[in-house]
Amino acid sequence: MNDVKSLIAEMENLEEELKANNGCLRQWCPTWKRYCLCKKLAKTTQRMIDLNAKSDHFNPFSHPIIALDIEYHSSQNFEFFNSTKMAFDQLWKALQQDGNFIIGLWGMGGSGKTTLATEVGKKAKESKLFDRVVKTTISQSLDMRRAQGEIADMLGLKLEEESNTGRAKRIALRLQSGERTLIILDDVWAKLNLEDIGIPIEGNHQKSCKIVLTTRRLEVCILMGCQKEIQLQLLQENEAWALFQAHANVDDAAQEVVAQAIAKECKGLPIAIIAMGTCLKRKGVDEMKVMLDRLRNAKPNNVDKGVRDVFACLELSYDYLAMPEAKLLLIMCAMFPEDHKIDIEDLFRYGVGLGLCRDLNSFEIARRHVKAAINSLIDSSLLIMHSPEINKHEQEYVTMHDMVRDVALWIASKQDHTIKVNYTKELNEFLDNEAIKDFYAIASWYDLMDYFNFLLDWMLQSLRFLFDSSTTFDLSLASFEGTKELKVFAVIHRYSYPSLMKKPQSIQQLSNLRTLGCNMGFR
């Protein structure tokens, strides 16, 4: 490299000298000095060729940086309470004990299981108990490739295999390398075959690889064969008030009495406490009393007894949203799968298609209104904003806590806007059900379709919204007969196929279509 720098400097000097010695008679009669410079230039050029040839023998001395593991997920606002510290200490002790290969952390949705497991993982990394701590979210609709991809990224592993089985074998080989690895499987809903993901369950690797899974159900811990089961309890009354106060900032004695009663109605669930505290910020005593009365008298129907109070709290946060656009956006977000990374630009496009900003004169103004609505939801603790830290080319996105999502779907059904989110049936089979004609919207995320043929003659009302994410279908075969009122049509596809790029012949029948989205999701 020093030779190259020296040679570049020498060439620059030669060029300057050549410019200064152009010869006489407009270069038709070159001078002796110019002749010498040209000869020197020829020798220098040969040295450049020789240096370039030597560069072919360099061995690579750099490698891609490994993505951050648990530090990237760690919460900056984690706060210990006695209730959470007890579970934290139990989990930390279980990780240090031999024989605990799988440890289950269970508790009510919104109780802070994900945050607690993440903080324990962070401590395990900082204390050198494990070399790597990786985390992936399972959720109700397991996306095997996404889970494998997240684990591989945090292990610094590149997966080139096409099949899930091949990818699983590659991950298993990496986990059996002897490096001490803690794997956090977040939000597990049913028995999970660890080997399908790539986590080997037999052999000496258990000494260096351990698993923490979080779930709402103790039954899942039992089915997964957890050697240790730890329950995360809800907050005590004084803890709930401390968390509530941190978000509400109540400093008036008259307000404090009412605010404490509201905090008590949240029944110790952190997500409800934070949402209500945020909602109460800068509210007067009378508004607080109205809120307390509504909470005490709210009796959500068709909701399990154990979560009625939580639903009532989150519904009230929804009711107190000042912007109608924010309410519609929240309902739209609930149509995505749990833990989905929702692109903000997508929300803008779908929202405009649904008439969210119909009275505005330009897209730029509409985009500002949608962004303001999203900020309102974030400020109300109903959405979570994420800014890319590892991949700077990623766009900002939002996620929704699964409990908030449940409440949003429940609110939509109460407003006669029932949203059906389909995970279990092929779309054509699903559309045969006559009941779907009464739905406000359909979101189909079934991953095993071999073809795609829309028969949407039931979509005749004004606001209809359809997602689909399948692995193999031919969009060119789609039929849009009877769907003239369709306003937004979006295909979100995780893996691309050439047939997806063909435009269906019948799409010109969608005379009211405002937004057509096609996200191929290349990987």
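Looking at ASP89, ASP98, ASP50, which is the one that is of a type outside the set (S, T, N, Q), surrounded by fewer than 21 Cβ atoms within 10 Å (Cβ to Cβ), outside any helix (DSSP H, G or I) and at pLDDT 70 or above?
ASP98
Name every residue in the stretch 129-154 that is within 19 Å of the chain's Cα centre (by Cα) and among the hydrophobic types (A, V, I, L, M, F, W, C), in order of residue number.
VAL133, VAL134, ILE138, LEU142, MET144, ALA147, ILE151, ALA152, MET154
Whether any residue in the stretch 333-346 is in a helix (DSSP H, G or I) and touching an Asp or Glu at 6+ places or on another chain (Cβ under 7 Å) is what I want to check.
Yes, the stretch 333-346 contains a residue that is in a helix (DSSP H, G or I) and touching an Asp or Glu at 6+ places or on another chain (Cβ under 7 Å).
Taking the options GLU150, GLU219, name whichever one is out of contact with any helix residue (DSSP H, G or I) (no Cβ under 9 Å at 6 or more places or on another chain), exposed (fewer than 14 other Cβ atoms within 10 Å of the Cβ) and acidic (Asp, Glu).
Just one listed residue meets the conditions, GLU219.
Within the stretch 403-424, can one find any residue that is modelled with pLDDT of 70 or more, touching a Ser or Thr at 6+ places or on another chain (Cβ under 6 Å) and not assigned by TED's automatic domain parsing to the domain that holds ARG282?
no
Note down all Cβ pairs under 9 Å where the first residue falls in the stretch 355-371 and is outside any helix (DSSP H, G or I), the second is modelled with pLDDT of 70 or more and surrounded by fewer than 14 Cβ atoms within 10 Å (Cβ to Cβ), and they're at least six residues apart or on different chains.
LEU356/PRO324; CYS357/PHE363; CYS357/ILE365
Return the pairs, sorted by first residue and then second, in which the second residue is of a type outside the set (Lys, Arg), the first residue lies in the stretch 160-183 and is on the phi > 0 side of the Ramachandran plot, the beta carbons are less than 8 Å apart, and the residues are 6+ apart or on different chains.
GLY178/SER208
Within the set of pairs 6 or more residues apart or between chains, which connect a residue that is farther than 14 Å from GLN260 by Cβ inside the stretch 270-288 to a residue that is of a type in the set (S, T, N, Q) and outside any helix (DSSP H, G or I) with Cβ atoms less than 7 Å apart?
PRO270/SER111; ILE274/SER381; ALA275/SER380; ALA275/SER381; THR278/SER380; THR278/SER381; CYS279/SER380; LYS281/ASN249
The values are calculated or read from the model by the stated rules, or taken from the named source; none is laboratory data. Please read all numbers here as calculations on a predicted model, not as lab measurements. Virtual Cβ from ideal backbone geometry, glycine too; neighbours counted across all protein chains shown.
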